[in-house]
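As structure tokens, the structure follows; a few thoughts come after it.
The values are calculated or read from the model by the stated rules, or taken from the named source; none is laboratory data. None of these values were measured; they are calculated from a predicted model. Reconstructed Cβ throughout: ideal geometry from the backbone, glycine too, with neighbour counts over all protein chains shown.
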Amino acid sequence: MKFSVFNYEKTLDNNVIIFNTLTRSIISIERGEYYQLKENIKKINYHTAKKKYKDLCELGFIVDDDIDEFLLYKYWLNKQKWQNEYFIVTFLTTYNCNFKCPYCYEGFKKEKNYKNMELDKMLQFLENVIIKSRCRVIDFNFFGGEPLLEMKTIEKVCMFLCYIENNFGIRSLVNIVTNGYLIDEKMIENFKKLNINSFQITIDGIERCHDERRFLHDGSGTFKKIYNNLLMLIDNGFEIVINMNFDKYNYRSIIKFLDIFPKKYRNKVYIKFNSLISTENNISRVHKLKPDELAIIYKTLLKSLKIYGYNKENDEFIGYGPCLANRKNSIIIEPNGNISKCIYGIGSDKFIIGNIKDDTDMILLKLYSYDEDEIEYEERCKTCTFLPFCMGGCKREKIENKYDINKVLCKKEEIQNGIVEGIIQLCT
Amino acid sequence: MLSKYVIKIPVDDKKTLLYNSITNSLISLPTSKEDVEIFIKKLNQEELQYLRKELYLQFSEIDEEKLVKMVMNKIKYSSRSVSFIIHLNYNCNLRCVYCYQREIKSKKVMTEETEKDVIKFIKGIVKKTSPEQIELCFIGGEPLLHKRKIKNIINGISNEGKSLKIIKSIITNGTLLNKKTVNELINMKIDLLQVTLDGPQKIHDQLRIGMDNSGSYNKIINNLEAISKEFNESINIVINCNINLLNINHIEELFIELRKKRINYPVFFSIVFESRKNSFKYAYKNDINKAWLNAHKIGLKYGNNYVPFYRNSYFTCSFFRDNVFIISPDGYLYKCISGIGNTQYLISHISEYGSHYYYSRVSQFIEKENMNSECTDCDYKIICGGWCVYKKNVYGNICPKQELDENDIPLIVENYKNSAKGNK
């Protein structure tokens with residue numbers, strides 16, 4: 001038998017911590033025992049060892065000698081890419097927003113001069129696509145701009161999802177990605193009636209810091225209102241993800257927020273950290289972190305989750321699979337009816353595969369053949385420990401930086417020092 | 001422009017068939033092979049739209065290679081239909097000279113415990129992947145030696161969700177298909193029985209021999225005759241004929257005998273190849289000449305219009321599909337039906353399904369690169385898929401292009417002519 005190429009090991013005191021980037025498992029072994037095993041591993045037969053080293057085998061730290069783990073990685077990736085049980089819809093009810101966050105990757109250009117599609121046509125399109133995809137569950141996400149500006153649209157879409165469930169037996173999981181500002185008690189009653197499951201709300205730190213980054217068009221702050229609404233949603237039983245966008249100027253404030261957030265709510269929310277992404281729309285307004293800066297900050301943030309007792313399984317970090325663009329059964333519908341693949345490419349024509357007015361079969365063909373270009377992995381990639389995080393690299397980033405989309409965009413340093421080291425901090 | 005994977009096959013100088021290997025469909029055009037492109041240019045918008053939709057034409061927006069990869073991957077990873085090929089036993093009441101299971105020394109029969117494990121395994125997969133339908137195929141050895149096990153497994157699974165469609169079939173040598181058994185199978189709602197006949201009696205009995213050296217032909221043909229007479233519509237049967245060098249010149253005699261007995265079940269053909277080099281002297285080696293085509297041509301003459309093309313689509317073979325499970329009598333999963341009992345094709349025990357060990361094993365088959373650099377530009381890429389891994393393991397790397405050109409492609413024309421005749 002042999003150790004997996006996806007094992008990342010780190011010695012801490014008298015133990016060796018091993019994290020497997022493919023199975024996302026972590027284990028701690030006494031140092032002496034580990035080095036003894038390492039020395040003898042080649043001589044041990046996998047099948048006889050299956051009992052003795054049960055955990056190590058089951059969690060993928062040890063594999064049989066003849067296993068090519070690059071093929072295992074491809075299988076893992078393809079299974080997720082091609083899963084056909086869930087159909088993921090991300091629907092922008094509007095490009096408009098009541099906020100004017102400077103770092104927004106959707107840019108400001110979107111606000112004027114677009115003509116909304118007809119909702120009925122969109123729903124007809126959606127019905128066709130969903131039926132033809134033969135999915136079992138719709139993973140429906142309202143997005144924007146600020147989606148709650150179009151509450152009537154949300155109501156109509158939820159009624160449509162109810163019709164799909166009643167007539168075709170396809171159920172829905174409904175999530176709203178909102179800035180949280182417009183929510184009130186009346187709206188919450190409405191959310192319950194509409195069977196909304198979850199919300200994702202962004203908070204960028206404590207009040208002062210948050211209000212510098214996320215403010216209304218007239219510049220006034222938004223923290224107080226969002227914070228109250230957030231607690232109200234939790235009290236009403238909705239599932240909540242708090243999204244926190246960080247760069248080197250606000251991460252300390254994020255940690256302060258994690259410290260002051262009431263203890264009784266901490267195990268009721270999922271926390272998600274996003275390093276600010278710069279796209280061609282916001283590049284001048286975003287401070288892009290250098291890999292080593294990103295790594296240190298990310299690690300610190302993850303560590304603080306542990307320190308302050310946010311116990312809810314944060315699988316955003318652990319179960320990080322291919323992005324929306326990389327999943328076959330995933331579409332993003334923009335307010336003008338364009339269908340896009342990349343959430344960070346909203347408004348850009350580079351990721352648009354068609355429009356709701358187009359022939360459904362053609363849209364599905366384009367959807368399924370999108371990103372079927374084979375990534376040319378270099379030999380060193382095939383045994384790289386970080387391959388299951390890298391997956392060849394982000395297509396948008398490659399396009400925007402005029403990089404060959406078929407080549408691997410190596411981010412080894414960032415993944416190793418930021419994500420993987422961070423996870424080890426979080427878990428040990 | 002026509003897609004590269006649409007194969008132009010001339011019928012005569014005024015008619016050309018377009019075989020679409022992406023969708024496995026066929027259309028005919030009233031023009032010569034040379035003028036197909038000119039003919040298509042003259043079509044109206046509606047006709048062009050049809051050809052586009054059915055993937056006969058190249059798309060400006062979608063690269064063709066991407067499209068092919070997409071079609072292949074979609075089949076590979078789809079969980080809409082899941083197949084279980086269940087070997088109930090290795091024991092058999094016949095000892096056919098070419099049987100690929102002769103290599104297996106064990107005569108193992110599935111235990112009751114394994115039966116329960118199999119039911120649990122199937123139910124688990126149904127729950128996990130929520131397919132629209134599952135296919136259960138019972139095979140052996142001779143599976144009808146253990147009818148009870150078939151019944152137990154079917155009953156164990158049938159209460160799984162009303163919307164789940166279950167298609168049940170049995171691959172049997174046909175010797176045990178007496179009236180009582182057939183009635184039982186009808187009660188179990190078996191959708192299809194596959195029975196093998198390898199030629200007229202004098203040939204069949206040399207190949208498919210009973211334990212006491214007696215032939216099996218009479219038993220089978222009498223059973224089929226009785227079923228055809230008495231049960232006619234209530235059970236579906238197909239006859240498999242394993243072509244080899246001994247029976248290839250006697251196919252016509254088989255059809256004459258079948259028709260004499262008023263047995264009109266469809267016949268399909270398989271090519272006998274070896275499980276290891278020189279394991280059967282009448283097996284076809286690399287070159288099957290036109291055996292496949294000739295056998296079908298004779299069938300057509302006797303009204304047998306079973307369209308065989310799918311049988312050569314190797315990329316959709318179980319080896320590369322995530323949702324085909326081949327189960328041995330002792331409860332192990334294999335990736336190739338001919339490789340049952342052979343560790344080269346072994347994945348894991350069914351109880352290990354879903355474990356890291358299972359995934360690491362199964363990925364070695366499913367993600368295997370079966371095509372080589374010469375396949376990249378080949379028009380037959382989709383039909384061939386890099387060819388049968390099992391055969392390649394016996395005979396080395398072989399390209400079946402000539403075989404396809406000499407057999408499958410002309411057979412498309414033969415079938416077309418035959419159905420056109422029928423339409424008149």
Query raised in the report: Which of the residues that make up the range B:368-389 are in contact (Cβ under 8 Å) with a residue 60 or more places away in the chain and either more than 19 Å from residue B:22 (Cα to Cα) or in a helix (DSSP H, G or I) (or both)?
Result: B:381, B:382, B:383, B:384, B:389
Query - Residue check for residue B:105: without any contact (Cβ under 8 Å) to a residue 24 or more places away in the chain and either in contact with an Asp or Glu (Cβ under 6 Å, 6 or more places away or on another chain) or surrounded by fewer than 17 Cβ atoms within 10 Å (Cβ to Cβ) (or both) - result: yes
Query raised in the report: Being within 14 Å of chain B (Cβ to nearest Cβ) and modelled with pLDDT of 95 or more, is that true of even one residue in the range A:78-99?
Result: yes
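Count, please, the residues in the range A:54-68 that happen to be acidic (Asp, Glu) and either within 7 Å of another protein chain (Cβ to nearest Cβ) or surrounded by 17 or more Cβ atoms within 10 Å (Cβ to Cβ) (or both).
Initial filter on the range A:54-68 (acidic (Asp, Glu)): A:55, A:58, A:64-66, A:68.
Narrowing the set further to residues that are either within 7 Å of another protein chain (Cβ to nearest Cβ) or surrounded by 17 or more Cβ atoms within 10 Å (Cβ to Cβ) (or both) leaves A:58, A:64, A:68.
Residues meeting the conditions: 3.
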Report summary line: Within the range B:46-88, the residues that are within 29 Å of residue B:134 (Cα to Cα) and aliphatic (A, V, I, L, M) are B:55, B:67, B:68, B:70, B:71, B:72, B:75, B:82, B:85, B:86, B:88
Query raised in the report: Can you tell me which residues in the range B:210-243 are of a type in the set (Ser, Thr, Tyr), over 12 Å from residue B:197 (Cβ atoms) and surrounded by 15 or more Cβ atoms within 10 Å (Cβ to Cβ)?
Result: B:228
Query raised in the report: Among A:387, A:324, A:301, which is modelled with pLDDT under 95, surrounded by 19 or more Cβ atoms within 10 Å (Cβ to Cβ) and not aromatic (Phe, Trp, Tyr)?
Result: A:301
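Inspect the range A:38-49 for any residue being more than 10 Å from chain B (Cβ to nearest Cβ) and hydroxyl-bearing (Ser, Thr, Tyr) and give the result as yes or no.
Of the residues in the range A:38-49, the ones more than 10 Å from chain B (Cβ to nearest Cβ) are A:38-45, A:48-49.
Pick out the ones that are also hydroxyl-bearing (Ser, Thr, Tyr) and you get A:48.
Yes, some residue in the range A:38-49 is more than 10 Å from chain B (Cβ to nearest Cβ) and hydroxyl-bearing (Ser, Thr, Tyr).
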Report task. Being closer than 21 Å to residue A:118 by Cα, of a type outside the set (Val, Ile, Thr) and within 24 Å of the chain's Cα centre (by Cα) is the filter here, so list the residues in the range A:151-208 that pass it. Result -> A:158, A:161
Report summary line: Note on residue B:14: of the conditions (1) touching a residue at least 40 places away in the same chain (Cβ under 8 Å); (2) among the basic types (Lys, Arg); (3) exposed (fewer than 13 other Cβ atoms within 10 Å of the Cβ), unmet is (1)
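Does residue B:28 count as out of contact with any strand residue (DSSP E or B) (no Cβ under 9 Å at 6 or more places or on another chain) and surrounded by fewer than 17 Cβ atoms within 10 Å (Cβ to Cβ)?
no
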Query raised in the report: Looking at the range B:333-353, is at least one residue crowded, with 19+ Cβ neighbours inside 10 Å, within 14 Å of another protein chain (Cβ to nearest Cβ) and within 16 Å of the chain's Cα centre (by Cα)?
Result: yes
Query raised in the report: Failed condition for residue B:81, given (1) at negative phi; (2) touching a Lys or Arg at 6+ places or on another chain (Cβ under 8 Å), with all others met?
Result: (2)
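If only one of B:203, B:186 is surrounded by fewer than 15 Cβ atoms within 10 Å (Cβ to Cβ), under 25 Å from the mean Cα position of the chain (by Cα) and at pLDDT 95 or above, which one is it? Quick ask: steps written out before the conclusion?
Numbers: B:203 fails: surrounded by fewer than 15 Cβ atoms within 10 Å (Cβ to Cβ).
Result of the check over B:203, B:186: B:186.
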**Report entry** Filter result (among the acidic types (Asp, Glu), over 22 Å from the mean Cα position of the chain (by Cα) and facing chain B (nearest Cβ under 10 Å)) within the range A:364-379
**Finding:** A:373, A:374
Requested in this report: Would you point out which residue out of B:112, B:135 is more than 14 Å from chain A (Cβ to nearest Cβ), under 14 Å from residue B:324 (Cα atoms) and modelled with pLDDT of 95 or more?
Outcome: B:135
Query raised in the report: Restricting attention to the range A:364-374, does a residue exist that is part of a loop (DSSP other than H, G, I, E, B), of a type in the set (Gly, Ala, Ser) and surrounded by 21 or more Cβ atoms within 10 Å (Cβ to Cβ)?
Result: no
